[in-house]
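Chemist: I'd like to ask you about the structure that follows.
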């Protein structure tokens with residue numbers, strides 16, 4: 001097996017004890033997809049450390065395809081991101097306490113860069129497999145967007161490596177914990193919470209396997 005597919009996900013953040021992206025990466029690390037070995041790596045939720053970690057991973061893995069994963073609270077589907085913005089504008093601090101406002105991901109760089117994954121083909125494959133999925137025109141302005149932008153703007157882009165980003169829903173147990181909190185706190189009525197959608201870990205793992213498979217087949 002000569003080809004390697006790089007799959008990245010983030011460590012937990014925002015006071016959450018688990019991140020579904022980490023769970024999916026852990027389960028697919030070392031798996032064979034379309035004749036390629038999946039190399040799973042967990043990235044820090046740290047704007048300051050992100051770029052150097054991405055460079056380090058790229059030197060270590062030398063992938064044929066890069067797929068990055070992150071959590072989008074409240075999302076009900078597998079969300080295929082179409083574009084990354086050169087914008088870092090955080091609503092919450094990263095895990096180092098950094099809270100950027102109206103900043104950039106990279107100086108003197110394009111305003112936006114499009115994903116180079118075969119997104120329409122991926123979307124069709126996911127829907128055919130019975131997995132809800134949709135294309136999205138915003139990866140946000142936090143670390144998910146910064147990761148997508150950095151991969152697209154640095155080494156992979158120069159080498160023609162297809163790169164893109166996929167947002168995942170909460171795990172069911174995370175939503176169950178949120179529901180418990182709502183009951184205990186009695187501060188909000190249940191219908192005021194907009195972040196209660198979830199997807200099973202098994203479905204997310206299969207979805208990302210399909211994303212990798214379609215991307216590797218297109219890059220062959």
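Readers should treat all values here as calculations from the given coordinates under stated rules, not as data from a laboratory. Just so you know, these numbers come straight off a predicted model, no measurement behind them.
Chemist: How far is the Cα center of the range 6-55 from the Cα center of the range 70-119, in Å?
Modeler: Taking the Cα centre of each part, the range 6-55 and the range 70-119 sit 16 Å apart.
Chemist: Go ahead and estimate [θ] at 222 nm for the chain from helices alone: -39,500 (n - 2.57) per DSSP H run with n ≥ 4, summed, over the residue count, rounded to 500. Walk me through the intermediate numbers first.
Modeler: On the way: 7 runs with 82 residues, N = 220.
Computed mean residue ellipticity for the chain: -11500 deg cm²/dmol.
Chemist: Something else: Restricting attention to the alpha-carbon atoms of the range 32-96, what are Rg (one decimal) and Dmax (integer), both in Å?
Modeler: When restricted to the Cα atoms of the range 32-96, Rg and Dmax are 14.2, 40 Å.
Chemist: Given axes a ≥ b ≥ c from the Cα gyration tensor, I'd like to know whether the range 1-54 is rounded (a/c under 1.5), prolate (a/b larger than b/c) or oblate. Don't skip to the end; give the middle numbers.
Modeler: On the way: a/c = 4.92, a/b = 1.67, b/c = 2.95.
Note, shape of the range 1-54 comes out oblate.
Chemist: Rounded, prolate or oblate: which fits the chain, taking a ≥ b ≥ c as square roots of the Cα gyration tensor eigenvalues, rounded meaning a/c under 1.5, else prolate when a/b beats b/c? Walk me through the numbers on the way to the answer.
Modeler: Values: a/c = 1.76, a/b = 1.25, b/c = 1.40.
In terms of gyration-tensor shape, oblate.
Chemist: Right, next: Over 25 Å apart: what share of the alpha carbon pairs of the range 95-220 falls there, rounded to a whole percent?
Modeler: More than 25 Å apart: 42 percent of the Cα pairs in the range 95-220.
Chemist: Do you know the relative contact order of the range 1-120, to the nearest whole percent, from alpha carbon pairs under 8 angstrom that are 6+ apart? Before the final figure, lay out each step's value.
Modeler: Values: 185 pairs, mean separation 32.4, N = 120.
Normalised by residue count, the contact order of the range 1-120 is 27 percent.
Chemist: A follow-up question, please. Would you look at the GNM of the chain, springs on alpha carbons closer than 10 Å, and say which of 129, 76, 107 moves the most?
Modeler: 107
Chemist: Something else about it: Could I get the Rg over Rh figure for the range 1-123? Both from C-alpha atoms, Rh via Kirkwood, rounded to two places. It would help to have the intermediate numbers written out before the result.
Modeler: Values: Rg = 15.2 Å, Rh = 15.9 Å.
On the Cα set of the range 1-123, Rg over Rh gives 0.96.
Chemist: Of all DSSP beta bridges in the chain, what percent run antiparallel (nearest 5)? Please list the in-between numbers first.
Modeler: Details: 9 of 31 bridges.
Here the antiparallel bridges make up roughly 30 percent for the chain.
Chemist: Oh, and also: Using only Cα atoms, find the angle between the long axis of helix 172-185 and the longest principal axis of the chain, and express it within 0 to 90 degrees, rounded to the nearest 10.
Modeler: 30 degrees
Chemist: When a/c reaches 1.5 or more, the comparison of a/b and b/c decides; with that in mind, is the range 78-127 rounded, prolate or oblate per its Cα gyration tensor? Don't skip to the answer; put the middle values down first.
Modeler: Numbers: a/c = 4.11, a/b = 1.79, b/c = 2.30.
Oblate is the answer for the range 78-127, as a/c is 1.5 or above yet b/c matches or exceeds a/b.
Chemist: Between the helical axis of 201-219 and the dominant principal axis of the chain, each derived from Cα atoms, what acute angle in degrees is found, rounded to the nearest 10?
Modeler: Computed tilt is about 20 degrees.
Chemist: Give the Cα extents of the range 109-176 along the principal axes, in whole Å, largest first.
Modeler: Taking the Cα atoms of the range 109-176, the three principal extents are 40, 27, 18 Å.
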